[in-house]
Amino acid sequence: MSILPRYPALRLRRTRAHGWSRALFREHRLSPADLVWPLFIGSGDADEEPVATLPGVSRWSVPQIAARAREAVSLGIPCIALFPNTPHDRRTARGEEALNPDNLICQAIRAVRDACGDAIGIMTDVALDPYTSHGQDGVLDSRGRIANDATVEILAQQALVQARAGADIIAPSDMMDGRVGAIRRALEEEGCHDVQILSYAAKFASAFYGPFRDAVGSGGLLKGDKKTYQMDPANGDEALREIALDIAEGADAVMVKPGLAYLDIIWRAREAFGVPVFAYQVSGEYALTTIGAAAGVGDRDALMMEKLLAFKRAGATGIVTYFARDAARLLSD
Ligand code: PBG
């Protein structure tokens, strides 16, 4: 910094004076290839069920999920992330439906693979909350606490079920200790050497997940909170320890979640480890932006793009966002 000339020799407004110059000096760019599109799989007969608390987002039938995947390919979005809304009569205390090779998520994986072949990456959620009758991400012990090691065994099986159906990226979102290592070992033993693990390494016990829980139907079931496994929003150093552990256990990439309120964690993880770090711009962030824009706070597209760009500036490798289709359309115009 010491070699900088001073005003008036230096006028930083000079490079901002024209559109061409702003384009030339732009440090970060968003492209459709930065985006992962989360898709909810519906269990009813309807092709499309709008999610009331996520305006513009729907649950789709399995054939419609395949159609969305084709749309993603045509827009240059490289990857989708699948989340099932398991029928309520299939939710149990131990979430057995997670291991059913013909469950909703496995049906959707196969449908997308049939429709798109290798042209798109399929990321799948490993956690038990869409399958449990109590809405927690793990199984409970006799005193009602989330049992870590018993849950990890099930998660490793769940990952295998998804990998056998054709998932490319296993994304554990449960925050149990030791699950990345257990999943990696299970995948290696099964010969799934190329199946990636993108671990939700720093996932915070956040108030921004409400609409997602509506979308997967776990919100009404959940009693209490997830604070014994998801992280305290006050902790940054601990987030780095979580990330370090997951990398050591074999994660190919890590996720920070939620997004905008945790940009410092993305930045610190990149600086500390130089590994691929993804941001999850979660349901509450999407909903607040969309509802705020509708209420006249600002232009939806502009709010969306500014927030997405912030992730790139913070060093994110990619962004999981419900805006993926809208943003990709805007970028390709
Ligand atoms: C749970 C899971 C959650 C989200 C993704 N996976 C919610 C939770 O932890 O309760 C939230 C995503 C979002 O809000 O968009 N395994």
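Please treat every number below as a calculation from the coordinates, not as lab data. Values in this document were obtained by computation on a predicted structure and should not be read as measured data. Neighbour counts are summed over all protein chains in view; Cβ atoms, including those assigned to glycine, are modelled from backbone coordinates with ideal geometry.
Here are the numbers:
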{"item": "Gain upon complete extension [Arg70, Ile291; 0.36 nm per residue less C-alpha separation]", "result": "76.8 nm"}
{"item": "Ranking of Ser199, Ser283, Ser2 by count of other Cβ atoms within 10 Å, fewest first", "result": "Ser2, Ser283, Ser199"}
{"item": "Reachable aspartates and glutamates, given that their alpha-carbon falls under 13 Å from the alpha-carbon of Lys227 and they are not under 8 places away in the same chain", "result": "Asp137, Asp174"}
{"item": "P(r) of region 30-332 over all Cα-Cα pairs, binned every 20 Å from zero, in whole percent", "result": "36, 61, 3"}
{"item": "Using distinct alpha-carbon pairs, which all enter the 1/r mean, Kirkwood radius of region 3-95 in Å", "result": "17.4 Å"}
{"item": "Dimensionless Rg over Rh [region 129-271; C-alpha; Kirkwood]", "result": "0.95"}
{"item": "Net lengthening on full extension, Asp118/Asp264 (0.36 nm per residue, minus Cα-Cα)", "result": "49.1 nm"}
{"item": "Sequence-separation-based contact order of the chain, relative, with Cα cut under 8 Å and 6+ spacing, percent", "result": "18 percent"}
{"item": "Relative packing of 292-300, 85-93, 152-160, 60-68, which averages over residues the other C-beta atoms within 10 Å, highest first", "result": "152-160, 60-68, 85-93, 292-300"}
{"item": "Filter on Lys257/Lys307; Lys226/Lys312; Lys226/Lys307; Lys223/Lys257 - keep pairs with C-alpha separation over 19 Å", "result": "Lys226/Lys312; Lys226/Lys307; Lys223/Lys257"}
{"item": "Highest to lowest packing among 224-237, 314-327, scored as the average C-beta count within 10 Å", "result": "314-327, 224-237"}
{"item": "Cα→Cβ-extended label distance, 7 Å offset, between Lys223 and Glu190, nm", "result": "3.3 nm"}
{"item": "For region 3-79 versus region 240-310, the gap between their alpha-carbon centres in whole angstrom", "result": "13 Å"}
{"item": "Under the Karplus curve 6.51 cos²θ - 1.76 cosθ + 1.60, θ = phi - 60°, whole-Hz ³J(HN,Hα) for region 82-93, x wherever Gly or Pro sits", "result": "9, 9, x, 9, 4, x, 5, 6, 9, 8, 10, 4"}
{"item": "Simple spin-label estimate for Leu24 and Ser133 in nanometres, 7 Å along Cα-Cβ", "result": "6.8 nm"}
{"item": "Inter-label distance for Phe273 and Glu48, nm, one decimal - labels placed 7 Å from Cα along Cα-to-Cβ", "result": "3.9 nm"}
{"item": "Euclidean distance of C-alpha centroids, region 123-138 and region 192-218, integer Å", "result": "9 Å"}
{"item": "Full-extension gain in nm, Arg313 to Ile3, via 0.36 nm per residue minus C-alpha separation", "result": "109.1 nm"}
